[in-house]
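For reference, the structure discussed in these notes is given below.
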Amino acid sequence: MAERRGCMVRALLLIVVAGILAAAGIASYWYLSPYRNFGTETFVEIEHGMSSRAIAAKLQKQGVVRSRYAFLLVRALHPRAPLQAGEYRFGSAQTPFQVFNKIARGEIFYEEFTIPEGSNMFDIAGLLRNGDTVKAADFLAAAADPSLIRDLDPKAPNLEGYLFPSTYRVTHKTTAKQLCRSMIDEFRKQWKQLGGEAQNARIHEIVIVASLVEKESASPEERPDVASVFFNRLRLSMPLQCDPTTVYAALLENRYRGTIYKSDLASMNAYNTYTHNGLPPGAIANPGAMSLKAALHPAATNYLYFVAKPDRSGTHAFSATLAEHEKNVEAFRRAQR
C-alpha cells in the first residue's frame, strides 16, 4: 500500500513538474519570441539619461516588444551593458534579446545622403525629396541664409558654393541648418587641405570661378585651362558668357525649361554673364576639390575661348583668338550635323 502511495506521489510530482516546464515554455515563448505590433516600420528615440524601465515602456508602447518585462529580464542578464541614446529603426519581428543588442551596440538609424559634384542647392533639395529626413523646403530656406559662411565670405548672397559635395549621414532629428553646417564644415576642411587659407581674401571670387569651372568641364585635367579662360576674361573686362550662368538665372526665376533659349541669354538677371560683365553675385553650383584647386591655381595661358571638341570626348578645344575659336566652333557644328 505504501509502495502504491509512493508511486502516486511520484506521478503527481512528474505531472506538476511537467506543468511547470510547460508553463515556463509558454511564458518563454510569450515573452522572448520574435514580436512585432507595428506596420512596415517604427522609429524609437532613446534619449540621453533614459532609464531601462522608461526604454522598456517605450518599446512596448511602440510595439517592438510584447512586454516591458521581457526587455527588463534581458537587461537583468546584462546589467553592465550600456544602452546608447539615438533613434532606432525597427522593421521586422525581433526577440527582446535582438532588440536589446541593437540598442547596446548603438545601431542608430541614419540615411546616407550623397551630393554629386556640381550640384546646386536646387539639385540638393531635389535629392532630399527622395528621402524621409530633412525637408526640401527647409533646406532651401537654410541654404538661402549666408550667416553660416559670413566669417569666410562676407559677400556671399547664400550658401551656394560652400555646400561641399560628399556623402553625409542624416536622421529624422537632423535639421536643415545642421545639414548645411556639416556641408560647410567639410568645405572648410577641403579648403584648408588645398591651401586655400592663403587666399581667404579672394575666396568669393575663387569659389564662384570654381563653380563655373565645375559646370563647364567634367575633365579634371583641363579644368586649370578653363579657369584660366575665366580669369583672363575678367582681367580684360570681357563678359564671361558662361552658359551655365544663364541656366542658374532661369532656375532662380523658376523659368528653366531644360534647355537654353534666346530669352535666357537675353535675361537681365544678375547671374546671367551674357548681359553682365564680371562675376555673377555668387556661385552657381557647389564645386568639388578639383575645381577649387583649378580656380586656386589656374593654368598660365592666353586662352580666351573654349568649345567642346567634335570627337565627343567631353573635353574642349581652347583658343586665344576669336578667329581660331570660330574655326573650332565650325568643326564642332559639322560633327553635330
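Read-outs throughout are calculated quantities, based only on the coordinates presented, and are distinct from any laboratory measurement. From a predicted model like this one, the values you see are computed outputs, not experimental measurements. All Cβ positions, glycine included, derive from the backbone under ideal geometry; neighbour counts span all protein chains shown.
Values computed for the structure shown
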{"read-out": "Of the trypsin sites (Lys or Arg not before Pro) in region 226-287, those whose Cβ has at most 11 other Cβ within 10 Å and which sit in DSSP loop", "value": "257"}
{"read-out": "Share of Cα-Cα pairs in the chain lying beyond 29 Å, as whole percent", "value": "56"}
{"read-out": "Eligible lysines near residue 215 by straight Cα distance, threshold 30 Å, same-chain separation 8 or greater", "value": "135, 155, 177, 189, 192, 262, 293, 309, 327"}
{"read-out": "Residue-averaged [θ]222 nm for the chain, counting only DSSP H segments that reach four residues, each worth -39500 (n - 2.57)", "value": "-14500 deg cm²/dmol"}
{"read-out": "Of the DSSP H helices in the chain, those whose Cα atoms cover at least 30 Å axially and whose Kyte score averages 0.5 or more", "value": "2-32"}
{"read-out": "Average Cα contact separation per residue, region 90-176, under 8 Å, 6 or more apart, as relative contact order %", "value": "39"}
{"read-out": "Region 290-335: trypsin sites (Lys or Arg not before Pro) falling in loop per DSSP and having at most 10 other Cβ within 10 Å", "value": "312"}
{"read-out": "Pairs of alpha carbons in region 264-337 whose separation is greater than 17 Å (percent)", "value": "64"}
{"read-out": "Cα-only radius of gyration and Dmax that characterise region 34-109, units Å", "value": "10.9, 32"}
{"read-out": "Semi-axis lengths, Å, region 70-162, gyration tensor of Cα atoms, sqrt of 5 times eigenvalues", "value": "42, 16, 10"}
{"read-out": "Proxy reagent accessibility, fewest Cβ within 10 Å first, across 152, 159", "value": "152, 159"}
{"read-out": "Ranking of 167, 175, 273 by count of other Cβ atoms within 10 Å, fewest first", "value": "167, 175, 273"}
{"read-out": "Loop-resident sites, region 211-286, for GluC sites (Glu not before Pro), counting at most 14 other Cβ within 10 Å (DSSP)", "value": "221, 253"}
{"read-out": "For residue 35, residues with placed amide H under 5 Å, excluding near neighbours", "value": "94, 95"}
{"read-out": "16 Å Cα-Cα reach of residue 58 towards lysines, excluding residues that sit fewer than 8 places from it in its own chain", "value": "102"}
{"read-out": "Average Cα contact separation per residue, region 207-314, under 8 Å, 6 or more apart, as relative contact order %", "value": "43"}
